[in-house]
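To keep things clear, I will list the structure first and then write my remarks on it.
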Amino acid sequence: MKQLSFLRSTPIRGLPALSLCAHCFFALMTLTLLVPAGGQTPAKVSGVVRDPTGALIPGATVEITRAGGGVVSTATTDDGGHFQMAQPAGGDYDLIVVRAGFSPLDKALHVAKTPLAPLTLTLNLADVTTSVNVDAAQDIDVAAPENNNDVATVSANDMKTLPVFDGDIVSTLSAFLDTGIAGEGGATLIVDGVEASSVGVAASAIERVSINEDPYSAEYRQPGRGQVEVITKSAADHFHGSASFTYRNSALNGTNYFATTKPSEQRNLYEGYLTGPIKPLKNTAFLFSMSRKERDVYTQVLATTLPTVMPTVNVYTPTRTTEISMKVSRQYNDHHSAYVLYKFHDEGDVNDGVGGLVQETAGYAENDFDQDLTYHDDLSVSANILNQLDVHYERDYESVIDNEDDKPQTIVEGVGTFYSAQLDAVYTENNPTVNDMVTWTVGKRVPQTMKFGIQIPNMGRRIWEDETNREGTYTYANAAAYPGTPSSFSIQQGQSRFQTLFAQPSGFFLDQMQLGKKLTVTPGVRYDFQNTLSNTKDGVEPRLSIAYMVDKKHALVVRTGSGIYIRRVGVNIGQQLARYQFAAERNLLITDGACLVPATCTPTVLAEAPPSLFQYQPGLQAPVQAYFGLSVERQVTKNSTLVVGYNGYRGWHALRSVDINAPLPPFTSYARPNPNFAQVLQLQSQGYQKTDGMNVSYRGRVGNVVSGFLQYTLQHSDANTTFSTFMPQNQYKPNDEWSRSDFDQRQRLGLFATLYPDKPLNFGVGFYDNTPLPYTITTGTDDYKTGVFNARPAGVPRNSLNGGDFQDLQVRVGYTYKLHPRVKDDESALAFSVSGFNTLNRVNFETYNGVQGSLLYKQPTSAADPRRLQLQISYTF
């Protein structure tokens, strides 16, 4: 909160000085090349785009088109909702404004010899199905990449009518992500055009969320199906906001499949936002949001007979999360705006990691405390050039404290995990980032929109204070072996504090060209560097997307594209190198000898034990992925669009870890080739991944009765590795791991829709139906003498078994009561809703036991939540 007070006391008039140096390169370059001789300022069309509440809309496309067709000029609204572009010659034109989540605006524009006065344009909120193709007679460039219809988008208006669990719309839309494409670090989160670790604002302060909006753009490091894009609301020049309370209680819920008794659970969610002008300061506004989540919930730990007989129990796993954000924005003039944003996140969890076969004694408490400060600046250098600057600083603090640190951890394969062996660790990260992008619109006969910029989204210092596994871990092959001699013992000693410096800068250029009325071509190139893999080559990533409008009347568009993507490697790999390359932190893995008997594992014996190492393979490469696709979209009716497409990717230089000091075949002895070391884990980049899939999506509206979006995916994925931590069973034949990938989910169906979306009483539904994910059979024994316990029966590939399928029907019934229905533009209302998740109370098993010899072999060990009802009341003004 100290930073928040600082923001309130900082004179806004001083903000432009912060951006002058950062803007100077692009501004001077573009001014020199493009400003007309004689210093004359050309006439321009400018204005602001708002929603019905008066909130400013960033990222809207504004086009001036000739009455007979053809785009004359185009611009994109900045974060303050403002736009400007060159004024065309005198005559009659159409002015078209398009933004996902809003109904398109098309109005006549008459241009005379005198300059036009600034325009104020209002976009009405659209339902979930609204497409830019709502009227084929409009001159909207349906072939533009951002008008791709194979996109899952939810607007602020949709969130009021759809069932959204805990108000977490990002998690709800994640069902439409391609997990395999996302890569090792998971899906990328883009908030207001910049990479972020969390949304950081209350759900009610979100304008829209989308996936796959521009699949092949060089602006982003991930393909469209591997990232979530979030646009937050802008500060408004008049007061409005909302407040809501969401409540759930176990009395309204079903009982988890594995729970012998229903535990007493409750969840409370308080959230809201307020925006309006800061009266003493001209053209200055604020937006404040707050969210508080209190979850008192339980998880189920399965019954076991080890180390003593224990029944299935409910373990208390509470969570507390607080998020606060404050944005102060100012419009200096019609070509310059800026804002400062502060975000605060504090989350605490108890008994993390517990559930299924992991007992409460092996759990831990975790606290995550983050603070972010962002300065964003939009500067229109001329009528067709916009420069956008982001300077961001983030400080993250995360601590982990184990439940029991006085006992070694015990793992019995296929039976359970007991005690913590000390999981204590503290992570501190300071992360300054800079992003600067120029949007330059040129051309009349051949309109072009060029974007280029630099991005440093991941730079900083991470300190890891590691006290994990200081008491050691004993692993037993199966229940019959316990409590005899374990199969392996591991422990960590030595240095515990490590510092890692990281930087992953990038640059990009793209050129969106409208070649005639039907063809849009967008070539681009991106350059990425990462110091985490210091001896790898840097990467140039070409991108290309092409769209051809076959039939304007039916908005029939064929789209294709491809791109090369250099996969970002996490900072954790650099930390592994710092810890274990020269055994600064002694990681001991003992598979035979005195230490397998606790009474004889003395400090002297441990001091003489050979340590494990971690190193990079000579010639290590960063993972590379080629993503490509072809789709056909057609407007079926005026308010519905069908898209059928193919998507595929090939990944090479995929990472895996191989023990190059593993015992030699025929694996009858634990002796290692180099007796001075135990495991020598080498990070290699020789893996390969392959995925092919078909997607069918439909968005439509039937009158005023129903609107919705549906997506079906048929996909197959193979690989010989997963992520950097993957280890083959036979260290000398890593390529033999080729099989179904961990993400090989053959079919997925997702649907969300609203009945009577424009009525006070409405009904929302979400339905998700997925075929099983695979899992692997293991023997539970250390057949290859490596201490890894991932050996499979002879001739059995990875992921040979299917887990359980998944079905989830979600419903919402809501009623909105307008407080002043006869007052124009008065949005004051009370809303009440009841939402059900897994409404049919179907059992959806999540994890399965694949260890041969276990009493639970091929049996599920955990299940998703049963039916849950969610009550909500909200007030909007």
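Of the residues making up the range 822-866, those that are β-branched (V, I, T), in a strand (DSSP E or B), open to solvent by 20 Å² or more (accessible area, probe 1.4 Å) and under 30 Å from P774 (Cα atoms) number 1.
Among the residues of the range 480-498, is there at least one that is in contact (Cβ under 8 Å) with a residue 24 or more places away in the chain, among the β-branched types (V, I, T) and farther than 30 Å from V851 by Cα? The answer is no, given that none of the residues of the range 480-498 is in contact (Cβ under 8 Å) with a residue 24 or more places away in the chain, among the β-branched types (V, I, T) and farther than 30 Å from V851 by Cα.
Here's the yes/no breakdown for (1) in contact with a Pro (Cβ under 7 Å, 6 or more places away or on another chain); (2) open to solvent by less than 70 Å² (accessible area, probe 1.4 Å); (3) farther than 21 Å from S685 by Cα; (4) part of a strand (DSSP E or B):
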| position | (1), (2), (3), (4) |
| --- | --- |
| L589 | no, yes, yes, yes |
| T604 | no, no, yes, no |
| Q621 | no, yes, no, no |
| L630 | no, no, yes, yes |
| Y646 | no, no, yes, yes |
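Taking (1) under 30 Å from the mean Cα position of the chain (by Cα); (2) closer than 30 Å to V415 by Cβ; (3) part of a strand (DSSP E or B); (4) not hydroxyl-bearing (S, T, Y) in turn, N314 satisfies each apart from (1). Only one entry in V209, V230 is free of Cβ contacts under 8 Å to residues at least 60 places away in the same chain and not small (G, A, S), namely V209. Residues that are open to solvent by less than 20 Å² (accessible area, probe 1.4 Å) and among the charged types (D, E, K, R) within the range 161-186 comprise D166, D178, listed in sequence order.
For (1) open to solvent by less than 60 Å² (accessible area, probe 1.4 Å); (2) assigned to a strand (DSSP E or B); (3) among the basic types (K, R), each residue gets a yes or a no:
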| position | (1), (2), (3) |
| --- | --- |
| V658 | yes, yes, no |
| N676 | no, no, no |
| L683 | yes, yes, no |
| G687 | yes, yes, no |
| G693 | yes, yes, no |
| M727 | yes, no, no |
| N735 | no, no, no |
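Would you please name the residue that is modelled with the highest pLDDT, looking only at residues in the range 634-644 that are in a strand (DSSP E or B) and in contact with a Lys or Arg (Cβ under 7 Å, 6 or more places away or on another chain)? Among those that are in a strand (DSSP E or B) and in contact with a Lys or Arg (Cβ under 7 Å, 6 or more places away or on another chain), it is L642.
Could you tell me whether the range 338-349 includes any residue that is farther than 26 Å from T428 by Cβ, open to solvent by less than 30 Å² (accessible area, probe 1.4 Å) and either part of a strand (DSSP E or B) or of a type outside the set (D, E, K, R) (or both)? Yes, some residue in the range 338-349 is farther than 26 Å from T428 by Cβ, open to solvent by less than 30 Å² (accessible area, probe 1.4 Å) and either part of a strand (DSSP E or B) or of a type outside the set (D, E, K, R) (or both). Tallying residues that are over 30 Å from V434 (Cβ atoms) and modelled with pLDDT under 90 within the range 451-484 yields 8.
Of the residues making up the range 637-682, those that are among the charged types (D, E, K, R) and over 30 Å from V151 (Cα atoms) are R656, D659, R672. Each residue in the range 683-735 was checked for being in contact with a helix residue (DSSP H, G or I) (Cβ under 7 Å, 6 or more places away or on another chain) and closer than 24 Å to E633 by Cα, and 2 of them qualify.
Just to be sure before I move on: is G700 in contact with a strand residue (DSSP E or B) (Cβ under 7 Å, 6 or more places away or on another chain), under 30 Å from G561 (Cα atoms) and buried (at least 22 other Cβ atoms within 10 Å of the Cβ) in the structure I sent? Spelling it out, it is not the case that G700 is in contact with a strand residue (DSSP E or B) (Cβ under 7 Å, 6 or more places away or on another chain), under 30 Å from G561 (Cα atoms) and buried (at least 22 other Cβ atoms within 10 Å of the Cβ). Kindly list, by first and then second residue, each pair from a residue in the range 381-393 that is within 20 Å of S46 (Cβ to Cβ) to a residue that is open to solvent by 30 Å² or more (accessible area, probe 1.4 Å) and among the charged types (D, E, K, R), limited to pairs with Cβ atoms under 7 Å and residues at least 6 apart or on different chains. Pairs that qualify, where the first residue is within 20 Å of S46 (Cβ to Cβ) and the partner is open to solvent by 30 Å² or more (accessible area, probe 1.4 Å) and among the charged types (D, E, K, R), are A383/K44.
Residue by residue, here is whether (1) assigned to a strand (DSSP E or B); (2) under 30 Å from I590 (Cβ atoms); (3) under 30 Å from the mean Cα position of the chain (by Cα) holds:
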residue	(1), (2), (3)
V426	yes, yes, yes
N430	yes, no, yes
N435	yes, no, yes
V438	yes, no, yes
V446	no, no, no
T449	yes, no, yes
T468	no, yes, yes
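Of the candidates V811, V788, the single residue that is within 30 Å of N124 (Cβ to Cβ), in contact (Cβ under 8 Å) with a residue 12 or more places away in the chain, open to solvent by 20 Å² or more (accessible area, probe 1.4 Å) and among the hydrophobic types (A, V, I, L, M, F, W, C) is V811.
The values are calculated or read from the model by the stated rules, or taken from the named source; none is laboratory data. Small disclaimer: the values here were computed from a predicted structure and weren't measured. Because the Cβ atoms are built from the backbone with ideal geometry, glycine has one as well, and the counts that use them run over all protein chains shown. Heavy atoms of the whole protein, side chains included, go into the accessibility calculation; ligands, DNA and RNA do not. Shrake-Rupley method; radii C 1.70, N 1.55, O 1.52, S 1.80 Å.
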